[in-house]
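The values are calculated or read from the model by the stated rules, or taken from the named source; none is laboratory data. The model shown is predicted, which means the values in this text are computed figures rather than measured ones. Note: ideal-geometry Cβ built from the backbone for every residue, glycine included; neighbour counts use all protein chains shown. The area values use the complete protein model at the heavy-atom level, side chains included, leaving out ligands, DNA and RNA. Shrake-Rupley method; radii C 1.70, N 1.55, O 1.52, S 1.80 Å.
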Amino acid sequence: EALVVPEGGLKMVQTPTGRVAIVDRLLPHFVARRKDERERFAGYILPTLRQPDEVWATKYDDDTTRRFFKLFAGATYNLLVIVLEQADGSVRWNMMPRNPAEMNKPRVGTPVYRRDKE
(Lines give C-alpha, C1' and ligand atoms only; values in the text may rest on other atoms or scores of the structure.)
Protein backbone atom coordinates (compact mmCIF):
# COMPACT_ATOMS: atom_id res chain seq x y z
CA GLU A 1 0.00 0.00 0.00
CA ALA A 2 2.79 2.47 0.83
CA LEU A 3 4.24 2.01 -2.65
CA VAL A 4 0.87 2.56 -4.37
CA VAL A 5 1.46 -0.29 -6.83
CA PRO A 6 -1.73 -1.59 -8.45
CA GLU A 7 -2.46 -5.24 -7.71
CA GLY A 8 -1.00 -7.32 -10.53
CA GLY A 9 0.52 -4.21 -12.14
CA LEU A 10 3.46 -1.92 -11.82
CA LYS A 11 4.28 1.62 -10.81
CA MET A 12 6.75 3.69 -12.79
CA VAL A 13 8.76 6.09 -10.61
CA GLN A 14 10.70 8.97 -12.14
CA THR A 15 14.15 9.38 -10.60
CA PRO A 16 16.93 11.86 -11.40
CA THR A 17 18.64 9.13 -13.45
CA GLY A 18 15.63 7.68 -15.28
CA ARG A 19 12.56 5.65 -14.45
CA VAL A 20 12.32 2.67 -12.10
CA ALA A 21 9.52 0.09 -12.31
CA ILE A 22 8.12 -1.30 -9.08
CA VAL A 23 6.42 -4.56 -10.08
CA ASP A 24 3.67 -5.94 -7.84
CA ARG A 25 4.34 -9.64 -8.55
CA LEU A 26 8.01 -9.23 -7.53
CA LEU A 27 7.32 -7.59 -4.14
CA PRO A 28 5.87 -10.51 -2.11
CA HIS A 29 9.04 -12.58 -2.31
CA PHE A 30 11.09 -9.73 -0.90
CA VAL A 31 8.78 -8.74 1.95
CA ALA A 32 7.89 -12.36 2.79
CA ARG A 33 11.05 -12.73 4.85
CA ARG A 34 9.24 -12.06 8.11
CA LYS A 35 12.33 -11.76 10.27
CA ASP A 36 13.43 -8.65 8.34
CA GLU A 37 10.00 -6.95 8.37
CA ARG A 38 11.08 -4.80 5.42
CA GLU A 39 7.52 -3.74 4.63
CA ARG A 40 7.52 -1.45 7.69
CA PHE A 41 10.03 0.77 5.87
CA ALA A 42 8.15 0.93 2.57
CA GLY A 43 7.19 4.57 3.18
CA TYR A 44 10.83 5.53 2.66
CA ILE A 45 11.13 3.95 -0.80
CA LEU A 46 9.35 6.48 -3.01
CA PRO A 47 11.09 9.53 -1.45
CA THR A 48 14.44 7.76 -1.83
CA LEU A 49 13.79 7.05 -5.51
CA ARG A 50 12.33 10.47 -6.33
CA GLN A 51 14.81 12.60 -4.38
CA PRO A 52 17.92 10.56 -3.62
CA ASP A 53 21.01 12.11 -2.11
CA GLU A 54 23.14 9.92 -4.38
CA VAL A 55 22.80 7.28 -7.09
CA TRP A 56 25.57 4.77 -7.81
CA ALA A 57 25.93 2.32 -10.71
CA THR A 58 27.12 -0.92 -9.17
CA LYS A 59 28.35 -3.96 -11.11
CA TYR A 60 27.08 -7.35 -9.99
CA ASP A 61 27.60 -10.77 -11.61
CA ASP A 62 24.23 -10.64 -13.41
CA ASP A 63 24.14 -6.95 -14.40
CA THR A 64 24.98 -3.38 -13.51
CA THR A 65 22.30 -1.79 -11.43
CA ARG A 66 21.48 1.51 -9.79
CA ARG A 67 21.59 1.99 -6.04
CA PHE A 68 19.71 4.98 -4.61
CA PHE A 69 20.86 6.50 -1.29
CA LYS A 70 18.99 8.88 1.01
CA LEU A 71 19.80 9.88 4.57
CA PHE A 72 16.75 10.71 6.69
CA ALA A 73 17.72 12.83 9.69
CA GLY A 74 15.93 11.89 12.88
CA ALA A 75 15.72 13.13 16.43
CA THR A 76 17.20 9.94 17.90
CA TYR A 77 19.24 8.65 14.96
CA ASN A 78 19.67 9.06 11.21
CA LEU A 79 18.35 6.38 8.88
CA LEU A 80 20.23 5.57 5.68
CA VAL A 81 17.92 4.09 3.05
CA ILE A 82 19.35 2.21 0.08
CA VAL A 83 17.05 1.12 -2.75
CA LEU A 84 18.54 -1.35 -5.22
CA GLU A 85 17.07 -1.67 -8.70
CA GLN A 86 17.67 -5.27 -9.77
CA ALA A 87 18.17 -6.62 -13.28
CA ASP A 88 14.76 -8.40 -13.30
CA GLY A 89 12.95 -5.11 -12.66
CA SER A 90 12.36 -5.70 -8.99
CA VAL A 91 13.49 -3.39 -6.23
CA ARG A 92 14.75 -4.21 -2.80
CA TRP A 93 15.71 -1.96 0.03
CA ASN A 94 17.70 -1.82 3.21
CA MET A 95 17.74 0.61 6.10
CA MET A 96 20.45 1.20 8.64
CA PRO A 97 21.11 3.74 11.38
CA ARG A 98 23.95 5.95 10.12
CA ASN A 99 25.43 9.34 10.47
CA PRO A 100 26.75 11.18 7.40
CA ALA A 101 30.36 10.31 8.29
CA GLU A 102 29.53 6.58 8.07
CA MET A 103 28.05 6.69 4.56
CA ASN A 104 31.23 5.68 2.71
CA LYS A 105 31.08 1.92 3.29
CA PRO A 106 27.91 1.28 1.19
CA ARG A 107 29.23 3.44 -1.67
CA VAL A 108 30.28 0.87 -4.25
CA GLY A 109 30.61 1.40 -7.99
CA THR A 110 30.47 4.58 -10.01
CA PRO A 111 28.61 7.68 -8.83
CA VAL A 112 26.04 8.79 -11.43
CA TYR A 113 24.11 11.41 -9.46
CA ARG A 114 24.65 13.57 -6.40
CA ARG A 115 22.01 15.98 -5.12
CA ASP A 116 23.25 19.53 -4.72
CA LYS A 117 23.26 20.47 -1.06
CA GLU A 118 21.37 23.71 -0.56
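If you filter the stretch 76-108 down to residues that are hydrophobic (A, V, I, L, M, F, W, C) and either assigned to a loop (DSSP other than H, G, I, E, B) or in contact with a His (Cβ under 9 Å, 6 or more places away or on another chain) (or both), you find that the one that is modelled with the lowest pLDDT is Met103. Flag: Asp53 does not match the condition of being modelled with pLDDT under 85, closer than 23 Å to Ala21 by Cβ and among the charged types (D, E, K, R).
Would a scan of the stretch 109-118 turn up a residue that is out of contact with any Ser or Thr (no Cβ under 7 Å at 6 or more places or on another chain) and open to solvent by less than 20 Å² (accessible area, probe 1.4 Å)?
no
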